[in-house]
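Asks: Can you read through this structure? Questions will come right after.
The values are calculated or read from the model by the stated rules, or taken from the named source; none is laboratory data. Here the structure is a predicted model, which means the values were calculated and not measured. Cβ coordinates were reconstructed from backbone atoms using ideal geometry, including for glycine residues, and neighbour counts include every protein chain displayed.
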Amino acid sequence: MKKIIVTGGLGFIGSNLIELLLKKNFKVINVDKVTYSSNFYNIKEFKNSKNYKFIKCDIKEPKFRKILLKFKPSCLFNLAAETHVDRSIDNPESFIESNIVGVYNLLEGFKDLTKKYKSKLIHISTDEVYGDVLSGRSSESYAYQPSSPYAASKAASDHLVSSYIKTYKIAAIVTNCSNNYGPKQHPEKLIPKLIYNILNNKSLPIYGKGKNSREWIYVKDHCEALIKIYKKGKVGEFYNIGSNKNLNNLEVCNKLISESKKIVSLGKNVKINFVKDRPGHDIRYALNSNKIKKELNWKPKITFSEGIKLTFNWYNNNKKYYNSLSKKDIHKRLGNK
């Protein structure tokens, strides 16, 4: 049975990835430093599995290198990152520390590991590194033009991984994915925040005029792509992962209202409320994912309509999820400088 290390496995994408890896008969070691966005509720279904192990550790710590050498994973999926744009506006330092310094330490540890053992690194990044894509769709050769401290820190981490591939010949791949949604996502992000407010009879905050457009992918489709890239992806390559379907924030909100009406009764306060936009808010992200579709025969399976139903139902059936979160992390407006 192959061993996999997932960093950031208490988070949204990481926990969904671990769940899928366990179903595919991998042994998984979850390494997470346990921050505000980490949630032990996310791993309750498999925490007692004999093929699952949790270790509390920051990837910046020397301990992390020892973990790599001890477990000798066949693959290291790096999802440990600060990810919320608004928080990066308020406090860029934590993003530099986690997303750049942390990745540097991870790369040094992985380099040492692969001097003795065969392993592969999949570094998970974002479409935000490409910046505003006002027309067309950004391919893997598109120039990086990050707008926020978050996006810049992820761009730097991608460049670090690429440099280690070329200089030290490590077996690594970088993935850039569009906006994820689905179960277990922290309600600081748009869709789970809107769902939380619908379930709690609160207004639905939308930045600016709601025209900012994002490409949305259901988290399980993203996780399937990551496993396919681990198995069949070419070392040294970058792969975009997207749905090719864009919706602006107002469209997302209206679709969510429409679907939630079929499941619950909406309170009188559940109305769209346009709020002051965040600084440097990109208008549009859009990926060209032809490479992974052609070379690895991957494509997303779940439509937005299907995915938003699954997502709303999960939060509606897992209200205890919110109990493990700080209320200020749910309610407080960030990135308003």
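Asks: So which of 94, 88 ends up being surrounded by fewer than 17 Cβ atoms within 10 Å (Cβ to Cβ) and within 19 Å of the chain's Cα centre (by Cα)? Outline the logic, then answer.
Replies: On the way: 88 fails: surrounded by fewer than 17 Cβ atoms within 10 Å (Cβ to Cβ).
Being surrounded by fewer than 17 Cβ atoms within 10 Å (Cβ to Cβ) and within 19 Å of the chain's Cα centre (by Cα) holds for just one of 94, 88, which is 94.
Asks: Check 211, 268, 255 and return the single one that is in a helix (DSSP H, G or I) and at pLDDT 95 or above.
Replies: Values: 211 fails: in a helix (DSSP H, G or I); 268 fails: in a helix (DSSP H, G or I).
Step by step, each of 211, 268, 255 is checked, and only 255 is in a helix (DSSP H, G or I) and at pLDDT 95 or above.
Asks: Taking the criterion of being assigned to a helix (DSSP H, G or I) and within 15 Å of residue 235 (Cβ to Cβ), would at least one residue in the range 175-187 satisfy it?
Replies: no
Asks: Among the listed residues 211, 189, which satisfies the condition of being surrounded by fewer than 17 Cβ atoms within 10 Å (Cβ to Cβ), over 28 Å from residue 73 (Cα atoms) and basic (Lys, Arg)? Talk me through it step by step, then tell me what you get.
Replies: Details: 189 fails: surrounded by fewer than 17 Cβ atoms within 10 Å (Cβ to Cβ).
Exactly one of 211, 189 is surrounded by fewer than 17 Cβ atoms within 10 Å (Cβ to Cβ), over 28 Å from residue 73 (Cα atoms) and basic (Lys, Arg), namely 211.
Asks: Continuing with this model, one more query. Let me spell it out: the conditions are (1) on the phi < 0 side of the Ramachandran plot; (2) in contact with a strand residue (DSSP E or B) (Cβ under 7 Å, 6 or more places away or on another chain); (3) at pLDDT 95 or above; (4) not aliphatic (A, V, I, L, M), and residue 38 meets all of them except one. Which number is the exception?
Replies: Condition (3) is where residue 38 drops out.
Quick grid of which residues meet (1) among the hydrophobic types (A, V, I, L, M, F, W, C); (2) touching a strand residue (DSSP E or B) at 6+ places or on another chain (Cβ under 7 Å):
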site	(1), (2)
136	no, no
149	no, no
163	no, no
167	no, no
171	yes, yes
180	no, yes
190	yes, no
193	no, no
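Asks: Of all residues in the range 116-146 being part of a loop (DSSP other than H, G, I, E, B) and either among the charged types (D, E, K, R) or within 18 Å of the chain's Cα centre (by Cα) (or both), which is surrounded by the most Cβ atoms within 10 Å (Cβ to Cβ)? Lay out the reasoning, then the answer.
Replies: Of the residues in the range 116-146, the ones part of a loop (DSSP other than H, G, I, E, B) are 116-119, 131-137, 139-146.
Among the residues that remain, those that are also either among the charged types (D, E, K, R) or within 18 Å of the chain's Cα centre (by Cα) (or both) are: 116, 118, 131-132, 137, 140, 146.
Details: 116: 9, 118: 9, 131: 23, 132: 17, 137: 20, 140: 17, 146: 20.
Step by step, filter the range 116-146, then rank; the result is 131.
Asks: Now for a separate question. All but one of (1) in contact with a helix residue (DSSP H, G or I) (Cβ under 7 Å, 6 or more places away or on another chain); (2) of a type outside the set (D, E, K, R); (3) assigned to a helix (DSSP H, G or I); (4) surrounded by fewer than 24 Cβ atoms within 10 Å (Cβ to Cβ) hold for residue 29; which doesn't?
Replies: Against the list (1) in contact with a helix residue (DSSP H, G or I) (Cβ under 7 Å, 6 or more places away or on another chain); (2) of a type outside the set (D, E, K, R); (3) assigned to a helix (DSSP H, G or I); (4) surrounded by fewer than 24 Cβ atoms within 10 Å (Cβ to Cβ), residue 29 comes up short only on (3).
Asks: Turning to a different aspect of this structure: Identify all residues within the range 62-114 that are assigned to a loop (DSSP other than H, G, I, E, B), among the charged types (D, E, K, R) and modelled with pLDDT under 95; write none if there are none. Please lay out each step first, then the result.
Replies: Our first condition is that a residue be assigned to a loop (DSSP other than H, G, I, E, B); within the range 62-114, this holds for 72-74, 79-84, 91, 114.
Those still in the list that are among the charged types (D, E, K, R) too: 72, 82.
82, the sole residue that qualifies.
Asks: Under 18 Å from the mean Cα position of the chain (by Cα) and farther than 30 Å from residue 193 by Cβ, is that true of residue 76?
Replies: Working: under 18 Å from the mean Cα position of the chain (by Cα): yes; farther than 30 Å from residue 193 by Cβ: yes.
Yes: the conditions hold for residue 76.
Asks: Within the set of pairs 6+ apart or on separate chains, which have a first residue in the range 123-143 that is closer than 10 Å to residue 175 by Cβ, a second that is β-branched (Val, Ile, Thr) and assigned to a helix (DSSP H, G or I), and C-beta atoms under 6 Å apart?
Replies: 123/161
Asks: Determine which member of the set 294, 327 is modelled with pLDDT of 95 or more and surrounded by fewer than 12 Cβ atoms within 10 Å (Cβ to Cβ).
Replies: 294
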